[in-house]
1. Please enumerate the residues belonging to region 62-81 that are among the β-branched types (Val, Ile, Thr) and crowded, with 16+ Cβ neighbours inside 10 Å.
2. Would you please list the contacts, defined by Cβ atoms under 8 Å and residues six or more apart or on different chains, that run from a residue in region 44-67 that is free of Cβ contacts under 8 Å to residues at least 24 places away in the same chain to a residue that is among the charged types (D, E, K, R) and surrounded by 14 or more Cβ atoms within 10 Å (Cβ to Cβ)?
3. I'd like to check which helices (runs of 4 or more DSSP H) are fully inside the chain and have at least 2 residues that are at pLDDT 90 or above.
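The values are calculated or read from the model by the stated rules, or taken from the named source; none is laboratory data. Quantities reported herein were computed from a predicted structural model and do not represent experimental measurements. All Cβ positions, glycine included, derive from the backbone under ideal geometry; neighbour counts span all protein chains shown.
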Amino acid sequence: MSETTLSPTPSSSTLDPADDLVAMRDRVRFYRARAEQLQYALDHRLPIEQAKGILAERYQIDIEAAFELLRSFCRNNNMKIHDVAKTLIKQPTESDRRISC
């Protein structure tokens, strides 16, 4: 990816250093915001992927069916998929409960 594709403003060839400084600050703000957005997406996607794996293993279904199961549950119960995924990850399975007793 080139910088011009992501940059909020095209680079200029002005002779005024103040304009260059302003443009650089704008690019830093832009890239910082982009990094925060990507980190947020990564943080929210990981638990969903883990939950899909848990459901796929638990019910012996493929990943697509596991996601559909998770999504349907969330829609039917008006819950956020990320919240349900986090709960599913923390919830012990039946075999885990037997081992800890």
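1. ILE81
2. These pairs meet every condition: ILE63/LYS52; ALA66/LYS52; PHE67/LYS52.
3. 17-59, 63-76, 81-90
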